[in-house]
Amino acid sequence: MRLQVLLFGLLLLCFSCSDSSSSQKSEDNNANAFLFFDDFENSLSKWDVSYPHKAQIIEKDGNKMLRLEPGAGDVYTLIKDSENWSTYTIEGDVLFPENEHNYMGFIYNYTQRESRVDYGCIYIKGNGSYVRVNPHRDALVSRTLYEEYKAPLEGKSAITIGKWQHFKAEVIGNECHFYVGDMEIPKVTFKYLELSQGKVGFEPRIFGSEVWLDNISAKNIQSFSYQGETKPKTYNYPHDRTLNEWKAIGPFRNQQEEIVTQGYNQQKIYKDGISTYQWQDFKSDDRGCAVSGKLFEFASDRIFAYYATNINSESNKEAKLIFSSTNEITVYLNGKEVGKTRPLYETWYDFLDNPKRERDEFKINLKEGNNELLLFVKSVQEKYNGDGFYSAIISN
């Protein structure tokens, strides 16, 4: 009887180990399961194409590939049914046939809400041989908010006009690691996108020459393969010294003088045309940049917004209010106009410490207790270089 019980126990243990092993193999397979592959030997049926005449399959030397031609407007190809991808790697081959202005933009977390389109973009510049971060917020590019996220492509990562180069992107939530040539160390590790899920695809430059793509594949991943320091390099962002906690309202098509007159009022509801607005929380990103492009609607000309924050002072004192902004900002302190910022072409995280950076300074007088800082912010709009600002108060 004891022998029978022992044999039965061993049999159960074997089945348990077998089930556990099968379950682990299944989990491993799912973690690395292929999501997508296209070598463009057939058709573009796996893609959503915005302008079919700008995205076509061509053949050269017996090989078929995708050709993306530049054009005014958003020319993109998005992988069908990729909107739920959130932990994946995608790779492929890219070639720039002409030595003119060109790029291949990798699109991730593409999201459309009503008429608004937002997405992450990291692009390879062909004729310049570099990689750059360039999120699009309602069709407005934002590359000049992220000047530190530009990396040269050199050595085996370099772009040679007329030759294929391999690239790879790993995306987990809102973070993207982007590789060119060297598949061990990424050129860019970027985590400052507010979107964590959405469609995946590619785009060419608006003006310039075409780009070719081939052998696009994607699969699930569980973690980033690279665990080192931030690329291009680690920066000491001034987040602990910048103004980060804002209330914001907008975007409006028209200026709201009532807001300037009355200041911040959480309970007040404002109207602009058929739309109604109320103040909402708005935080700077972890670098200290208030990315106003997240609020503005570039495509629909909603180009005005207001920001407010409270500054507590222990005494009556003089201070400096400092800005690095692509936006034109009219500044009010305790209901009085302080001045206007210049809309700079680019913002820099080190605006407080680097004397080479352009910035705007205003002398202000803080009263003891609470002080209301109100900003009237105008979108860059036609300048097409991204909406955002850094700000800080430095005591004298």
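The values are calculated or read from the model by the stated rules, or taken from the named source; none is laboratory data. All values reported here derive from a predicted model rather than from experimental measurement. We place every Cβ from the backbone using ideal geometry, glycine too, and count neighbours over all the protein chains shown. Note: areas computed on protein heavy atoms with side chains; ligands, DNA, RNA excluded. Shrake-Rupley method; radii C 1.70, N 1.55, O 1.52, S 1.80 Å.
Summary of computed values
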{"quantity": "Count - residues of region 192-210 that are under 17 Å from ILE122 (Cα atoms), out of contact with any strand residue (DSSP E or B) (no Cβ under 6 Å at 6 or more places or on another chain) and either open to solvent by less than 40 Å² (accessible area, probe 1.4 Å) or among the acidic types (Asp, Glu) (or both)", "calculated": "2"}
{"quantity": "Qualifying residues in region 70-103 (those that are polar (S, T, N, Q) and within 21 Å of the chain's Cα centre (by Cα)) - the one most open to solvent (accessible area, probe 1.4 Å)", "calculated": "ASN84"}
{"quantity": "Those residues of region 104-122 which are modelled with pLDDT of 95 or more and either open to solvent by 10 Å² or more (accessible area, probe 1.4 Å) or farther than 19 Å from TYR88 by Cα (or both), in sequence order", "calculated": "MET104, TYR110, THR111, ASP118"}
{"quantity": "Flag for ASN102 being more than 22 Å from ARG137 (Cβ to Cβ), of a type in the set (S, T, N, Q) and out of contact with any Ser or Thr (no Cβ under 8 Å at 6 or more places or on another chain)", "calculated": "no"}
{"quantity": "Single match in LEU333, LEU352, LEU321, LEU295 (criterion: more than 26 Å from ASP118 (Cβ to Cβ), touching a Pro at 6+ places or on another chain (Cβ under 8 Å) and hydrophobic (A, V, I, L, M, F, W, C))", "calculated": "LEU352"}
{"quantity": "Region 166-177: number of residues that are surrounded by fewer than 21 Cβ atoms within 10 Å (Cβ to Cβ) and touching a Phe, Trp or Tyr at 6+ places or on another chain (Cβ under 9 Å)", "calculated": "5"}
{"quantity": "Long-range neighbours under 8 Å by Cβ, at least six apart or interchain, first residue over 22 Å from PHE40 (Cα atoms) and of a type outside the set (A, V, I, L, M) within region 71-91, second modelled with pLDDT of 95 or more and open to solvent by less than 10 Å² (accessible area, probe 1.4 Å)", "calculated": "SER86/VAL171; THR87/VAL171"}
{"quantity": "Residue in region 281-303 that is in contact (Cβ under 8 Å) with a residue 40 or more places away in the chain, in contact with a His (Cβ under 9 Å, 6 or more places away or on another chain) and surrounded by fewer than 18 Cβ atoms within 10 Å (Cβ to Cβ) present", "calculated": "yes"}
{"quantity": "Exclusive hit being within 19 Å of THR309 (Cα to Cα), of a type outside the set (Gly, Ala, Ser), open to solvent by 50 Å² or more (accessible area, probe 1.4 Å) and not in a loop (DSSP other than H, G, I, E, B), set ASN371, ASN365", "calculated": "ASN365"}
{"quantity": "Hey, LEU213 farther than 18 Å from GLU148 by Cβ, open to solvent by 20 Å² or more (accessible area, probe 1.4 Å) and among the aliphatic types (A, V, I, L, M) or not", "calculated": "no"}
{"quantity": "Among residues of region 47-57, those that are within 23 Å of TRP164 (Cα to Cα) and either of a type in the set (Phe, Trp, Tyr) or open to solvent by less than 30 Å² (accessible area, probe 1.4 Å) (or both), counted", "calculated": "2"}
